[in-house]
1. Please determine whether any residue of the stretch 185-194 is outside any strand (DSSP E or B), surrounded by 14 or more Cβ atoms within 10 Å (Cβ to Cβ), in contact with a helix residue (DSSP H, G or I) (Cβ under 9 Å, 6 or more places away or on another chain) and not small (Gly, Ala, Ser).
2. Working carefully through the options Ala155, Ala198, Ala163, Ala206, find the one that is open to solvent by less than 10 Å² (accessible area, probe 1.4 Å), farther than 21 Å from Ala13 by Cβ and either in contact (Cβ under 8 Å) with a residue 40 or more places away in the chain or touching a Ser or Thr at 6+ places or on another chain (Cβ under 7 Å) (or both).
3. Just checking, which of Ser94, Ser111, Ser87 is at pLDDT 95 or above and of a type in the set (Ser, Thr, Tyr)?
4. From the list Ala125, Ala190, pick out the single residue that is more than 19 Å from Ala213 (Cβ to Cβ) and modelled with pLDDT under 95.
5. Kindly check whether there is at least one residue in the stretch 271-285 that is basic (Lys, Arg) and in a loop (DSSP other than H, G, I, E, B).
6. Could you list, in sequence order, all residues of the stretch 214-236 that are part of a helix (DSSP H, G or I) and more than 16 Å from the chain's Cα centre (by Cα)?
7. Please specify each residue of the stretch 219-258 satisfying the condition of being of a type in the set (Val, Ile, Thr), within 22 Å of Leu313 (Cα to Cα) and open to solvent by 50 Å² or more (accessible area, probe 1.4 Å).
Amino acid sequence: MTRPYRVRRSCLAVPASSERFIAKARGLPADELFLDLEDAVAPSAKAQARANAVAALAGDWGGKLVAVRVNDATTGWAHRDVIDLLSASGGAASGAAAAAPDVIVLPKVTSPEHVVWLDLLLGQAEQEAGLPVGQTGIEAQIEDASGLAAVNAIAAASPRLEALVFGPADFMASVGIRSLDVGGQPAGYAGGDVYHYALMRILIAARARGLQAIDGPYLKVRDTDGFRRSAVSAAALGYDGKWVLHPSQIDAANEVFAPAAADFAQASRIIEAYDRATSVEARGAVMLGDEMIDEASRKMAQAVVARGRAAGLPASTPEA
């Protein structure tokens, strides 16, 4: 199944244990909302949170990308998370409205075997629920040294993969970064951005497989300037979006990860020119102004246009 490009400028974490937070999230302008069954939920509340997520999926999310972060593959909760989430959409086979998540976020991925396990389980659950096999996407969180060391293999582990997500808090603990300021820079570090190597390695692994790369959260939710600095840096590096933990971070993320109006207009012209060259003129490359454009140019332009449309940028007027 061909995976659609889905915009993820802002990815809002919503604790599934809180029905109040779930209800509030429906009206927020995040590109993606993920119902969290993992770190945001106490062990004693896992079963109720799972039931809340199942119920929430049946509601109206206004066309937003809706995901669920299940518990990690080494826990006793993960398989039940997946089965219950997919079985709730069993009415799809008889024509009833399905309530399956668009994507499953798999945390603490340390090897490609974790993704392979989820892929197989999703396939079985989709068949049982009467859903098209392959419908449910996967986002893999890279959160420790083992995951980063295996990130190339993880990125290639399943055709369901849509994005790799950096998890800074667990990563800091894993490698021993001397700071409790998640998303910030540790005192005494003189090498620039302490996260740069991890972010770049995840980005390259993602791009090599045609995946999106999403930056992790900035925990100081009242520090809007700090969040914006972190987001601007990730966007400049090439990341597609960032996790947000509070509604106050959403607008900044949407703004930072949206393309500039000039870039959006140029990307629109690239797509139009390339489509004309391939469909009408039967050419695989064409000049647009002083620039030679080809299939690689089209792919880059498509991502820019998708983010621009999500940001509400107006359609461009082709140059004469």
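1. yes
2. Values: Ala198 fails: farther than 21 Å from Ala13 by Cβ; Ala163 fails: farther than 21 Å from Ala13 by Cβ; Ala206 fails: farther than 21 Å from Ala13 by Cβ.
After applying the criteria, what remains is Ala155.
3. Values: Ser94 fails: at pLDDT 95 or above; Ser87 fails: at pLDDT 95 or above.
Residue meeting the stated conditions: Ser111.
4. On the way: Ala125 fails: modelled with pLDDT under 95.
Checking each option against the conditions leaves just Ala190.
5. Step one: filter the stretch 271-285 for residues basic (Lys, Arg), giving 276, 283.
Among the residues that remain, those that are also in a loop (DSSP other than H, G, I, E, B) are: 283.
Looking for residues that are basic (Lys, Arg) and in a loop (DSSP other than H, G, I, E, B), one finds at least one in the stretch 271-285, hence yes.
6. The first filter runs over the stretch 214-236 and keeps only residues part of a helix (DSSP H, G or I), leaving 224-236.
Within the stretch 214-236, Thr224, Asp225, Gly226, Phe227, Arg228, Arg229, Ser230, Val232, Ser233, Ala236 meet the criteria.
7. Val232 - this is the single residue of the stretch 219-258 that is of a type in the set (Val, Ile, Thr), within 22 Å of Leu313 (Cα to Cα) and open to solvent by 50 Å² or more (accessible area, probe 1.4 Å).
Condition check ((1) under 15 Å from Val103 (Cβ atoms); (2) open to solvent by 10 Å² or more (accessible area, probe 1.4 Å); (3) assigned to a helix (DSSP H, G or I)) across all residues:
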site	(1), (2), (3)
Arg6	yes, yes, no
Cys11	yes, no, no
Lys24	no, yes, yes
Asp39	no, yes, no
Lys46	no, yes, yes
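The values are calculated or read from the model by the stated rules, or taken from the named source; none is laboratory data. Just so we're clear, the structure is a prediction, and the values are computed from it rather than from any experiment. Methodologically, a virtual Cβ is constructed for each residue, glycine included, from the backbone with ideal geometry; neighbour enumeration extends over all protein chains shown. Calculation scope for accessible area: heavy atoms of the full protein, side chains included, ligands and nucleic acids excluded. Shrake-Rupley method; radii C 1.70, N 1.55, O 1.52, S 1.80 Å.
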